[in-house]
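The values are calculated or read from the model by the stated rules, or taken from the named source; none is laboratory data. Please read these numbers as outputs of a predicted model, since none were measured by experiment. Reconstructed Cβ throughout: ideal geometry from the backbone, glycine too, with neighbour counts over all protein chains shown.
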Amino acid sequence: MSNAISALEGRAVAGDVTVTDMGLQGMISLRGDLSDKALTKVCKTVTGADAPKPLQMAVAGPNGFGWMSPDEALLLVPYDAVRDGLTSINNVLSGQHFLASNVSDARAHIVVSGAYADEVIAKVAPVDMHPDSFAIGDFRRSHLGQVAAAFWKSDANTFHVICFRSVAGYVFDLLAASAKAGPVGYTS
Amino acid sequence: MSTRLASKGRLVDTSKAISFSFNGKNLRGYAGDTLASALLANDQMLVGRSFKYHRPRGIVSAGPEEPNALMNMGEGAFFEPNQRATTTLLFDGLKAESQNHWPSLEFDVGAINSKLSRFLPAGFYYKMFIYPRPFWKHVYEPIIRKSAGLGKAPIGRDGDTYEHFHAHVDVMIVGGGIAGLSSALAAGRAGARVLFMEQTAAWGGRAAVDEPQIDGMKATAWIAQTVAELTAMDNVTMRLNCMGAGVYDHGYILGYEQLNEGGTDAPRHRLWRVRAKQVITATGAIERPLSFSGNDLPGVLLAAAVRDYVVNFGVSIGDRTVVVTNNDDAYRTALVLKKAGLSVPAIIDARPDADGPLAQAARDAGIRVETGKGIAEVKGGKRVTAVAICGQAGEGAVVETIECDCVAMSGGWSPVVHLWSHCGGKLTWDTDQAMFRPDEQRPPTDGNGSGFVVPAGIANGHLFTTDVLTNGFAAGQAAATAAGAKGKVGKAPEGYDEAQEPIVPVWLMPQGASHELRSKAWLDFQNDVKVSDVQLAAQEGFESVEHTKRYTTLGMATDQGKLSNINGLAVLSKALNADIPDVGTTTFRPPYTPISMGAIAGAARDDLFQPIRKTPMYDWHAGNGADFEPVGQWRRPYAYIRGDETLHDAVNREVTQTRESLGLLDASTLGKLVVSGPDAGQFLDMMYTNLMSSLPVGKCRYGLMCTENGFLMDDGVVARIDDQTWLCHTTTGGADSIHAWMEDWLQCEWWDWKVYVSNVTEQFAQVAVVGPNARKVLEKLGGMDVSKDALPFMQWRDGMLGDFKVRVYRISFSGELSYEVAVDAGQGRAFWGALLDAGAEFDVMPYGTEALHIMRAEKGFIMIGDETDGTVIPQDLNMQWALSKKKDDYLGKRAQERSHMADPDRWKLVGLETLDGSVLPDGAYAIAEGTNDNGQQNTEGRVTSTYYSPTLKRGIAMGLVHKGPDRMGDTLRFTNIGGEPIEAKIVDQVFYDKAGEKQDV
Amino acid sequence: MLTLHCPYCGVDADETDLHAGGEAHLTRFGPGASDDDFEGYLFTRKNPKGVHFERWRHAYGCGKWFLAARCTATLEVFATYSAQTVAPPADVRAAITAKRPDWSWGDLS
């Protein structure tokens, strides 16, 4: 709908590592048995992505299919495609035990990109971000500073962060401050 | 005097002058200087006063063990006290001031304490200030507090920034001397991911000063070559000016990196939060002072420090240096001084003989060596002028006085075992070398029960270059292997050593020193603890080393006993007639040396101090007079202030306008949990005290949740969405905790039940549209039928309002006609705007949490956290109607059957009305007759909610009162701090629209 | 600060990602239970120096509860395992026995 806005309304900071709000992002939280073929099939229909391995985000163009836990997936689709996606899932899985929820507005999608983007994340998350450990496609739920977040690596210098809408400002400012403070010189 | 020598220091760049100031004097140093070396180069030997006696204090060391040279550094937003001059790299514009003196460093009034020292023995404060008791609070403590403290506390905010960094490595190496370098070679070549930290600004440690031969070259050449090899390894990260601060459980290590000084934009300090599979502690050793009378005078330094200042910084401490020692190493200092053209009148060696190669070299250089001798006393005031020499074996009869302006002392070396010990590594006493060193059989253990700290080199008790290198290399190899790295490591570097004669432990000089001499033989320079104090403590029965520490304050200064601990416990063991290992050491606790508060905080300051949760309408609230209150991490408007009205006026206006026309509440923070699945109804029947499985689709029911203790935990309206799906509203604070609570039961108790829970709290912006005109404003937006028939009270419908896809719940927490409307959060701000526009003709008013509270209290509705406090059960609140009798079980049901819970004497909820219409104080107690066993006034109730009701124009309250519901009309007296008790009548808790007609229209 | 392996998602989780949940393998007693049984369920907790079984939630991670067998004195972790079990499985007990042959915990050993 035209009057929808993202929490950060497209904020961005420039620099050697940029931090950018990706605006409205369609997201579906799907609770269900991720080993179920019908489930992964409809997720592929909705996102175009194959089922991810544990701790992975399978990316297909602007869409994604992320492994959140053994019984939870995060589907990334265009904001306007969420209702159709939910309809497909609800139709296909009808009769099964699952729960699909629109969480597009509950969360924010921020991209951290640049030469030392991995170090910007490692400043605020207790996660091994060394390129030998955290590969492209890896998807991790942890905390950034004091709030829950999930992030995945889409290329060597680009990380996508998902956090709750109410703390999007905190996460953005935290990442921007970490980026501004400069590289650590550890991973590169 | 101390001065800069013509010969250049190894670490300073004399082409780069740096200006700094000390106590307001402008001074000059060079790039590469520490503040200490620069001060000494400017003949600034006196740098502070001791804590207790205010004795003059000079620089003693050249490293982190320094007890005296602590400075107030910087100014304004960049001020920090207690900075060690010996570990502070000089930078342009550095401003330092000495501490703990008044009115000036040169003339200090507190020094009178020194004259009174015989009246200030160990435990003086404990003994003196006990009687008379009231004097402690009113006389003694204020005076002691005034005279205590080293540096000044900073005023205002810290102008610098700080950051954290998380690193996960195979091997972390602490200490960049040749042991660390050797271990890094092995671990790096093996292919392990290595993080290698050195606390100073240069690699190489002591070897760079003493220049032993390594692999056929001078040590400095080998160090340069090794640093180059390591730098070329991608798997090795090297950091100078980075201290391994602490070793913790499961391989967690803190590193403290000092990056930028002088108020740059870049971070000042970085705290490395490291997870390492293996840690190598190549932390070297600290030289011990000798205990002789006057060993605290400025000009008495550790022998190796004297050598370091000459070699590293080109600074001489004095022209005439007497070396006093019990080991061979100090002879190197004499040789270095001689080579620099300085005078060494004598080496006083406490050992009966000294005939090794180093002693021979000293004699060959024309230095007089006196064996079997000691220092009876150091002469001088603010500076050494001479030493009186005596036989070490005797009681201190002076045989000769030697003029000098520097004394270089060495009592042997103590391995730095701090990091080994932080996480439980044990020590063993090495009698031959007179030192505690790591017991490699008893290392700290990790999550697998395996040792994860490997000591290396001197820190492991290996004092010779040959052993340091091989031991370091083996440590690196062992750590890499333990971490799973399998590469070839090649050959260990080889060192060469000249022979040395053994140390002879000397814990007191001379051995039979009189009480007078012992009273001036310092152990702890900063806290003024002397040999006599420890002996007194032992005599008074303080036999445990930990007790002696507290009683005498030995080792409790900011240096944490790095110089004093071993000497102190040797004195204690002698006084107790016990062996040193039987007395043991005090506990080593992190950090190794103090780290800045800023580094600990990292980015968590100012706006990032803690996350603030904001609803989609937050910016509108902030721009329209909202006076925010914290609700957990949320910020919710307490009220919206208009013009120059008071907060109280605003609240009353909001209540009145809502009751009379139309109000809006941002209710987005309320928790929203979707519970779905074939067993969801059964599950909710366990979660709630009510029956939720029977709720028809399309309807809402207010429900209560209890803990297994039976206490009321959360409440909210539950809506039945479809056959298998419920939406549960929780309190604002309960959204995350109730979600976690549900997951806990589903995962850990009823894991065979088919139920999924999804927390959609933040997916929706929710607005309560409240007041007699609520329906009109929604009808004005149009799109769905919100009439009484189409959407009755306690039901919900999906539909459209204007352009907005909404879910509308007809529920009321105010007693008015009320709709709670949920829209996608992204449209929350727009929907709020649409309601304001449509409501303009009704003079719509947003209201805050206080108006919400008042309206619910007028209706007698409970609030979790007001009427409940974790000890209140639903029965206390007369909510038996919400406890389903059709269910065999729900969480808390069994607990509510316990005798105390079923006790008729429990306090129960009633309304309270003051006789004079005033507002009862929050939390006031109802006064009962008599006193309890503790002599306190008995009570029979307490206020749980109290407000001024603008609707009723008087104070209203709710409270829990003993047998309250049976005592309607009774008058109680409530406590009123600072005033007369207030009388209030017990009334029905519903003050407004008892029949509930207004909400159901 | 502990690192515990989450058996559900496979992450070696930092303690800051975890939430501690107290003693594991409690049996719930509800309505009809005796006072003694209910008191034991609600209040009586073991506090051993040595082998202990605990509940942990990978709160900031996959959100799953799991159980850990751990030594409270040395912090050695013998095993982490599924929360969907009423007693420590045989392999967990064997892992403990391998390190602490004389262990006992309530009725278990």
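If the requirement is being surrounded by fewer than 24 Cβ atoms within 10 Å (Cβ to Cβ) and assigned to a strand (DSSP E or B), which of these qualifies: B:VAL697, B:VAL674? Walk me through how you get there before you give the answer.
Values: B:VAL697 fails: assigned to a strand (DSSP E or B).
After applying the criteria, what remains is B:VAL674.
I'd like the residue in the range B:239-267 that is buried (at least 22 other Cβ atoms within 10 Å of the Cβ) and touching a Phe, Trp or Tyr at 6+ places or on another chain (Cβ under 6 Å) and, out of all such residues, is farthest from the other protein chains (Cβ to nearest Cβ).
B:MET243
Conditions (1) under 22 Å from B:HIS621 (Cβ atoms); (2) surrounded by 16 or more Cβ atoms within 10 Å (Cβ to Cβ), marked per residue:
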| residue | (1), (2) |
| --- | --- |
| B:ALA719 | no, yes |
| B:ASP723 | no, no |
| B:MET742 | no, yes |
| B:CYS748 | no, yes |
| B:ASP752 | no, no |
| B:THR761 | yes, yes |
| B:VAL770 | yes, yes |
| B:LEU801 | yes, yes |
| B:ARG810 | no, yes |
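Do we find a residue being in contact with a Cys (Cβ under 8 Å, 6 or more places away or on another chain), buried (at least 22 other Cβ atoms within 10 Å of the Cβ) and not in a strand (DSSP E or B) anywhere in the range B:857-875? Break it down into steps so the answer makes sense when it comes.
Going residue by residue through the range B:857-875, those that are in contact with a Cys (Cβ under 8 Å, 6 or more places away or on another chain) are B:873-874.
Next, only the ones that are buried (at least 22 other Cβ atoms within 10 Å of the Cβ) stay: B:873-874.
Now drop any that are not not in a strand (DSSP E or B), which leaves B:873-874.
Within the range B:857-875, one or more residues are in contact with a Cys (Cβ under 8 Å, 6 or more places away or on another chain), buried (at least 22 other Cβ atoms within 10 Å of the Cβ) and not in a strand (DSSP E or B).
Taking the range A:19-29 as the region of interest, how many residues are facing chain B (nearest Cβ under 10 Å), in a strand (DSSP E or B) and under 14 Å from A:ASP80 (Cα atoms)?
Going through the range A:19-29 one residue at a time, the tally reaches 1.
Tell me whether the range B:530-542 contains one or more residues that are in contact with a strand residue (DSSP E or B) (Cβ under 6 Å, 6 or more places away or on another chain) and touching a residue at least 12 places away in the same chain (Cβ under 8 Å). Show your work before the answer.
Here is the first cut: in the range B:530-542, the residues in contact with a strand residue (DSSP E or B) (Cβ under 6 Å, 6 or more places away or on another chain) are B:530-531.
Checking the rest, the ones that are also touching a residue at least 12 places away in the same chain (Cβ under 8 Å) come to B:530-531.
Checked the range B:530-542: at least one residue is in contact with a strand residue (DSSP E or B) (Cβ under 6 Å, 6 or more places away or on another chain) and touching a residue at least 12 places away in the same chain (Cβ under 8 Å).
How many of the residues in the range B:595-627 are within 9 Å of chain A (Cβ to nearest Cβ), assigned to a helix (DSSP H, G or I) and crowded, with 17+ Cβ neighbours inside 10 Å? Can you show your working first?
Of the range B:595-627, the ones within 9 Å of chain A (Cβ to nearest Cβ) are B:602-604, B:607-608, B:610-616, B:618.
Filter once more, keeping what is assigned to a helix (DSSP H, G or I): B:607-608, B:618.
Now narrow it down to the ones that are crowded, with 17+ Cβ neighbours inside 10 Å: B:608, B:618.
Result for the range B:595-627: 2.
Rundown of residues vs (1) part of a helix (DSSP H, G or I); (2) among the polar types (S, T, N, Q), yes/no style:
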{"residue": "B:ALA459", "(1), (2)": "yes, no"}
{"residue": "B:GLN477", "(1), (2)": "yes, yes"}
{"residue": "B:THR481", "(1), (2)": "yes, yes"}
{"residue": "B:VAL489", "(1), (2)": "no, no"}
{"residue": "B:PRO502", "(1), (2)": "no, no"}
{"residue": "B:PRO505", "(1), (2)": "no, no"}
{"residue": "B:LEU508", "(1), (2)": "no, no"}
{"residue": "B:HIS547", "(1), (2)": "yes, no"}
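Of the residues that sit in the range C:19-35 and are assigned to a loop (DSSP other than H, G, I, E, B) and over 20 Å from C:ASN47 (Cβ atoms), which one is farthest from the other protein chains (Cβ to nearest Cβ)? Spell out the reasoning first.
To start, the set of residues in the range C:19-35 that are assigned to a loop (DSSP other than H, G, I, E, B) comprises C:24-34.
When the remaining residues are screened for being over 20 Å from C:ASN47 (Cβ atoms), the result is C:28-34.
Numbers: C:ARG28: 6, C:PHE29: 7, C:GLY30: 5, C:PRO31: 5, C:GLY32: 8, C:ALA33: 6, C:SER34: 10 Å.
The qualifying residue farthest from the other protein chains (Cβ to nearest Cβ) is C:SER34.
Only residues that are touching a residue at least 40 places away in the same chain (Cβ under 8 Å) and part of a loop (DSSP other than H, G, I, E, B): list them for the range B:628-668, please.
B:GLY632, B:SER661, B:LEU662, B:ALA667, B:SER668
Of all the residues that make up the range B:76-112, how many are in a loop (DSSP other than H, G, I, E, B), modelled with pLDDT of 90 or more and more than 19 Å from B:TYR309 (Cβ to Cβ)? So that I can check it myself, show each step before the final result.
Within the range B:76-112, the subset in a loop (DSSP other than H, G, I, E, B) is B:79, B:85-88, B:90-94, B:99-102, B:104-107.
Adding the requirement that they be modelled with pLDDT of 90 or more leaves B:79, B:85-88, B:90-94.
Next, from what is left, pick out any that are more than 19 Å from B:TYR309 (Cβ to Cβ): B:79, B:91-93.
Total satisfying the criteria: 4.
Would you be able to tell me the number of residues in the range A:103-115 that are among the aliphatic types (A, V, I, L, M) and outside any strand (DSSP E or B)? Break it down into steps so the answer makes sense when it comes.
Narrowing the range A:103-115 to residues among the aliphatic types (A, V, I, L, M): A:103, A:106, A:108, A:110-112, A:115.
Still in the list and also outside any strand (DSSP E or B): A:103, A:106, A:115.
The total comes to 3.
Test C:CYS9 against the stated conditions and say whether it is modelled with pLDDT of 95 or more and within 23 Å of B:ASP752 (Cα to Cα).
On the way: modelled with pLDDT of 95 or more: yes; within 23 Å of B:ASP752 (Cα to Cα): yes.
Yes: the conditions hold for C:CYS9.
Hey, among the residues in the range A:4-18 that are small (Gly, Ala, Ser) and within 12 Å of chain B (Cβ to nearest Cβ), which one's farthest from A:ALA177 (Cα to Cα)? Walk me through how you get there before you give the answer.
Let us first name the residues in the range A:4-18 that are small (Gly, Ala, Ser), namely A:4, A:6-7, A:10, A:12, A:14-15.
Still in the running and within 12 Å of chain B (Cβ to nearest Cβ): A:4, A:6-7.
Details: A:ALA4: 28, A:SER6: 21, A:ALA7: 19 Å.
Checked the range A:4-18; the qualifying residue farthest from A:ALA177 (Cα to Cα) is A:ALA4.
If we scan the range C:4-14, do we find a residue that is more than 8 Å from every other protein chain (Cβ to nearest Cβ), assigned to a loop (DSSP other than H, G, I, E, B) and within 30 Å of B:ASP888 (Cβ to Cβ)?
Looking for residues that are more than 8 Å from every other protein chain (Cβ to nearest Cβ), assigned to a loop (DSSP other than H, G, I, E, B) and within 30 Å of B:ASP888 (Cβ to Cβ), one finds none in the range C:4-14, hence no.
Kindly evaluate A:SER101 against the criterion of being within 14 Å of chain B (Cβ to nearest Cβ), under 30 Å from B:TRP832 (Cα atoms) and modelled with pLDDT under 95. Show your work before the answer.
On the way: within 14 Å of chain B (Cβ to nearest Cβ): yes; under 30 Å from B:TRP832 (Cα atoms): yes; modelled with pLDDT under 95: no.
Answer is no for this residue.
Are any of the residues in the range B:378-385 under 17 Å from B:ASN326 (Cα atoms) and part of a strand (DSSP E or B)? Break it down stepwise before answering.
Here is the first cut: in the range B:378-385, the residues under 17 Å from B:ASN326 (Cα atoms) are none.
No, there is no match, as no residue in the range B:378-385 is under 17 Å from B:ASN326 (Cα atoms) and part of a strand (DSSP E or B).
Which members of the range C:97-109 meet the condition of being part of a helix (DSSP H, G or I) and away from every other protein chain (no Cβ under 11 Å)?
Taking the range C:97-109 and keeping what is part of a helix (DSSP H, G or I), we get C:97-99.
Scanning the range C:97-109 gives a single hit, C:THR97.
Go through (1) over 12 Å from the mean Cα position of the chain (by Cα); (2) under 27 Å from C:HIS19 (Cβ atoms); (3) within 7 Å of chain B (Cβ to nearest Cβ) one by one and return the number of the condition A:PHE164 breaks.
Just one mismatch for A:PHE164, condition (1).
Looking only at the range B:897-928, how many residues end up being of a type in the set (Gly, Ala, Ser) and free of Cβ contacts under 8 Å to residues at least 40 places away in the same chain? If you could, list the steps in order and put the result at the bottom.
Going residue by residue through the range B:897-928, those that are of a type in the set (Gly, Ala, Ser) are B:899, B:902, B:911, B:917-918, B:923-924, B:926, B:928.
Pick out the ones that are also free of Cβ contacts under 8 Å to residues at least 40 places away in the same chain and you get B:899, B:902, B:917, B:923, B:928.
Result for the range B:897-928: 5.
Filter the range B:958-986 down to the residues that are among the hydrophobic types (A, V, I, L, M, F, W, C) and under 42 Å from the mean Cα position of the chain (by Cα), then identify the one that is surrounded by the fewest Cβ atoms within 10 Å (Cβ to Cβ).
At the first step, the residues of the range B:958-986 found to be among the hydrophobic types (A, V, I, L, M, F, W, C) are B:958, B:960-961, B:968, B:972, B:974, B:977, B:982, B:984, B:986.
Those still in the list that are under 42 Å from the mean Cα position of the chain (by Cα) too: B:958, B:960, B:977.
Working: B:MET958: 28, B:LEU960: 22, B:ILE977: 7.
Among those that are among the hydrophobic types (A, V, I, L, M, F, W, C) and under 42 Å from the mean Cα position of the chain (by Cα), it is B:ILE977.
Could you tell me whether the range A:116-135 includes any residue that is in a strand (DSSP E or B) and either more than 9 Å from chain B (Cβ to nearest Cβ) or touching an Asp or Glu at 6+ places or on another chain (Cβ under 8 Å) (or both)?
no
Residues being within 26 Å of A:ALA135 (Cβ to Cβ) and part of a loop (DSSP other than H, G, I, E, B): count how many of those fall in the range A:69-102. Outline the logic, then answer.
Step one: of the range A:69-102, the residues within 26 Å of A:ALA135 (Cβ to Cβ) are A:69-77.
Adding the requirement that they be part of a loop (DSSP other than H, G, I, E, B) leaves A:70-71.
Going through the range A:69-102 one residue at a time, the tally reaches 2.
Out of C:TYR60, C:TYR81, which single residue is more than 11 Å from chain A (Cβ to nearest Cβ) and among the aromatic types (Phe, Trp, Tyr)? Before the answer, list the steps.
Values: C:TYR60 fails: more than 11 Å from chain A (Cβ to nearest Cβ).
So the residue among C:TYR60, C:TYR81 that is more than 11 Å from chain A (Cβ to nearest Cβ) and among the aromatic types (Phe, Trp, Tyr) is C:TYR81.
Can you name every one of the strands (runs of 3 or more DSSP E) wholly within the range B:742-846 that holds 2 or more residues which are more than 14 Å from chain A (Cβ to nearest Cβ) and in contact with a Lys or Arg (Cβ under 8 Å, 6 or more places away or on another chain)?
On the way: elements: B:756-759, B:764-770, B:796-801, B:804-809, B:818-824.
Because the criterion is at least 2 residues that are more than 14 Å from chain A (Cβ to nearest Cβ) and in contact with a Lys or Arg (Cβ under 8 Å, 6 or more places away or on another chain), the strands (runs of 3 or more DSSP E) in the range B:742-846 that meet it are B:796-801, B:818-824.
Please enumerate the residues belonging to the range A:136-152 that are more than 8 Å from every other protein chain (Cβ to nearest Cβ) and surrounded by fewer than 23 Cβ atoms within 10 Å (Cβ to Cβ). Even if it seems obvious, please write down each step before you answer.
Residues of the range A:136-152 more than 8 Å from every other protein chain (Cβ to nearest Cβ): A:136-139, A:144, A:149-152.
The answer is A:ILE136, A:GLY137, A:ASP138, A:ALA150.
If I go through the range B:251-295 residue by residue, how many of them are over 29 Å from B:GLY93 (Cα atoms), in contact with a Gly (Cβ under 9 Å, 6 or more places away or on another chain) and touching a residue at least 60 places away in the same chain (Cβ under 8 Å)?
25
Of everything in the range B:407-434 that's crowded, with 24+ Cβ neighbours inside 10 Å, outside any loop (DSSP other than H, G, I, E, B) and touching a Gly at 6+ places or on another chain (Cβ under 7 Å), which residue is nearest to the other protein chains (Cβ to nearest Cβ)?
B:HIS422
Return yes when B:ALA224 is within 30 Å of B:ALA330 (Cβ to Cβ) and more than 14 Å from every other protein chain (Cβ to nearest Cβ) and no when it is not.
Working: within 30 Å of B:ALA330 (Cβ to Cβ): yes; more than 14 Å from every other protein chain (Cβ to nearest Cβ): yes.
Criteria met by B:ALA224.
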